[in-house]
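J.: Before I ask anything, let me first share the structure, which is written out below as structure tokens.
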Amino acid sequence: MRLKSGGRSGHLARIFHNPELPSLTDYYEPFTYRYGDLTTAAAGDDQPTARPVSLITGKSITIEGGPNWDDDLSGSHLYARNDPGIEQLTETERAQVLAIERIVFFHLPRICNHCLNAACVAACPSGAIYKRGEDGIVLINQDKCRGWRMCVSACPYKKTYYNWTSGKSEKCILCYPRQEVGEAPACFHSCVGRIRYLGVLLYDADQIEAAAGKPADQLAAAQRDLLLDPHDPVVRRQAHQDGVTEQVIEAARQSPVFRFVKEWSLALPLHPEFRTVPMLFYVPPLLPVLAMAEQGKQRPQATFFTSLENTRLPLRYLAHLFAGGNEREVEAVYQKLLAVRLQRRHLEVGDISPRDVQQATENAGLTAEQLDEIYRITALADMKERIHVPPMLREQTVEALRDPHQHRQEMGFGYRRPPKRRW
Ligand code: SF4
Ligand code: SF4
């Protein structure tokens, strides 16, 4: 596969001029407030105010949007209108997306996806970006980075940034120093909604190219197929032979991410059509129950919990975000989330009939036990269960990566040199 922006030689040819770099208008003009005015303004009848000023020019500006606004308010009208995802919507659906009050709580936290087919790695002329063998974290070697910024334009998620002070590119490091001492990444640890889960996924590297090359609407499923079941003895045996430590395999068995992505097919990758095979997954949001209850409307039980026709954002829009346009993928997730809601309502309040719950469970293709487990992990799980990383055993792991086959022999495991891999 080739990068849309061309191969490494193409990047080298235009190393001093990259017309694809995002500009200030893509990132917003950074601003601050003249806070000093609050305490130094001359005495007067009016309350002093801190006026916004541009961090570029130092002059007063009128703020129309900004990164925090767009993250916290889920998109200003100004920028939402440029969203390519709304082009394909009907007028009504577009109005639904742009109605900021309705989508105000639709946060989409976006950190680096630590992709399997990382565009930033492929684009770097200095070879400074690499995917760490022991845990798959994508990092920029700050000693090798020469600040060419090809990674900034190549990453379709725009997750690498240029640091004008150090002259190097930087990105999310999945807090690897914290993980190496058994701590959760900082943003996972501090997430007040406790919505972030972290765990090991085993995958078949030989299949990445084929999976990334599927038609857009099959990509979410292809990415799921890439993931291997750590409970399968054949997978475990092969992982052992390939030098994966027992601790990592055990962590894969305990991984909450495996359950969300593979076992329950509840979490989907963001924009799989970028074909970088991102390793972060999202559970599409349902309409909040409380908003419906507060309106005091009498609704049939099933629609009280929202319905597929009345989702917070149009299915088509969510399919564009999470499934390469495949609405069936998002619909299947919604069937499961609805089934969990109905089952809980039946158990906690009792105004949903067992027949409706059974019907919803069948529609979702899950068992009652699985619905219980989804509820438990989503609502009740503690930090240990939500974030499950193996102990790093860094020295052993680095040795294993240097020559996995020799490492296996030295460690005394049953050993057979596997056939040479294409990847
Ligand atoms: S999200 Fe962007 S920066 Fe992160 S690994 Fe993927 S291509 Fe690289
Ligand atoms: S806190 Fe850590 S994991 Fe979260 S975005 Fe920052 S570097 Fe990445």
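J.: Hey, any hits in the range 127-137 for a residue that's aromatic (Phe, Trp, Tyr), assigned to a loop (DSSP other than H, G, I, E, B) and more than 10 Å from ligand 1 (Cβ to nearest atom)?
T.: Filtering the range 127-137 for residues aromatic (Phe, Trp, Tyr) gives 130.
After this cut, where a residue has to be assigned to a loop (DSSP other than H, G, I, E, B) as well, the list is none.
Scanning the range 127-137, I find no residue that is aromatic (Phe, Trp, Tyr), assigned to a loop (DSSP other than H, G, I, E, B) and more than 10 Å from ligand 1 (Cβ to nearest atom), so the answer is no.
J.: Could you tell me which numbered condition Ile208 fails, if it satisfies all but one of (1) within 15 Å of Thr276 (Cα to Cα); (2) within 17 Å of the chain's Cα centre (by Cα)?
T.: The number of the failed condition is (2).
J.: Right, something else. So, Leu268, is that one among the hydrophobic types (A, V, I, L, M, F, W, C), over 26 Å from Tyr375 (Cα atoms) and open to solvent by less than 10 Å² (accessible area, probe 1.4 Å) or not?
T.: No: the conditions fail for Leu268.
J.: Could you please find all residues in the range 186-216 being near ligand 2 (Cβ under 9 Å from one of its atoms) and either more than 23 Å from Leu268 (Cβ to Cβ) or without any contact (Cβ under 8 Å) to a residue 24 or more places away in the chain (or both)?
T.: Within the range 186-216, Ala186, His189, Ser190 qualify.
J.: Select from the range 132-161 the residues that are under 23 Å from Leu202 (Cβ atoms) and within 15 Å of ligand 2 (Cβ to nearest atom) and list them in ascending order.
T.: Let us first name the residues in the range 132-161 that are under 23 Å from Leu202 (Cβ atoms), namely 132-139.
Within the range 132-161, Arg132, Asp135, Gly136, Ile137, Val138, Leu139 meet the criteria.
J.: State all residues of the range 355-367 that are out of contact with any Lys or Arg (no Cβ under 7 Å at 6 or more places or on another chain) and surrounded by 12 or more Cβ atoms within 10 Å (Cβ to Cβ); if no residue qualifies, say none. If you could, list the steps in order and put the result at the bottom.
T.: Of all residues in the range 355-367, those out of contact with any Lys or Arg (no Cβ under 7 Å at 6 or more places or on another chain) come to 355-363, 365, 367.
Residues satisfying the conditions are Asp356, Val357, Gln358, Gln359, Ala360, Thr361, Glu362, Asn363, Gly365.
J.: Condition (residue is β-branched (Val, Ile, Thr), away from ligand 1 (no atom under 16 Å from the Cβ) and either at pLDDT 95 or above or open to solvent by 50 Å² or more (accessible area, probe 1.4 Å) (or both)) applied to the range 241-248: is it met by at least one residue? Working first, answer last.
T.: Step one: list which residues in the range 241-248 are β-branched (Val, Ile, Thr), which gives 244-245, 248.
Now narrow it down to the ones that are away from ligand 1 (no atom under 16 Å from the Cβ): 244-245, 248.
Going one step further and asking which of them are either at pLDDT 95 or above or open to solvent by 50 Å² or more (accessible area, probe 1.4 Å) (or both), we end up with none.
No, the conditions are met nowhere in the range 241-248.
J.: Condition first: surrounded by fewer than 18 Cβ atoms within 10 Å (Cβ to Cβ), within 16 Å of ligand 2 (Cβ to nearest atom) and within 13 Å of Lys171 (Cα to Cα). Now tell me which residues in the range 109-130 satisfy that.
T.: Matches in the range 109-130: Arg110, Ile111.
J.: Restricting attention to the range 170-188, report how many residues are surrounded by 14 or more Cβ atoms within 10 Å (Cβ to Cβ), away from ligand 1 (no atom under 16 Å from the Cβ) and more than 14 Å from the chain's Cα centre (by Cα).
T.: Final tally of qualifying residues: 5.
J.: Taking the condition open to solvent by 70 Å² or more (accessible area, probe 1.4 Å) and modelled with pLDDT of 90 or more, does Thr40 pass?
T.: The answer is yes for Thr40.
The values are calculated or read from the model by the stated rules, or taken from the named source; none is laboratory data. The structure displayed is predicted, hence computed values, not measured ones. We place every Cβ from the backbone using ideal geometry, glycine too, and count neighbours over all the protein chains shown. To get the accessible areas, we keep the full protein, side chains included, count just its heavy atoms, and leave off ligands, DNA and RNA. Shrake-Rupley method; radii C 1.70, N 1.55, O 1.52, S 1.80 Å.
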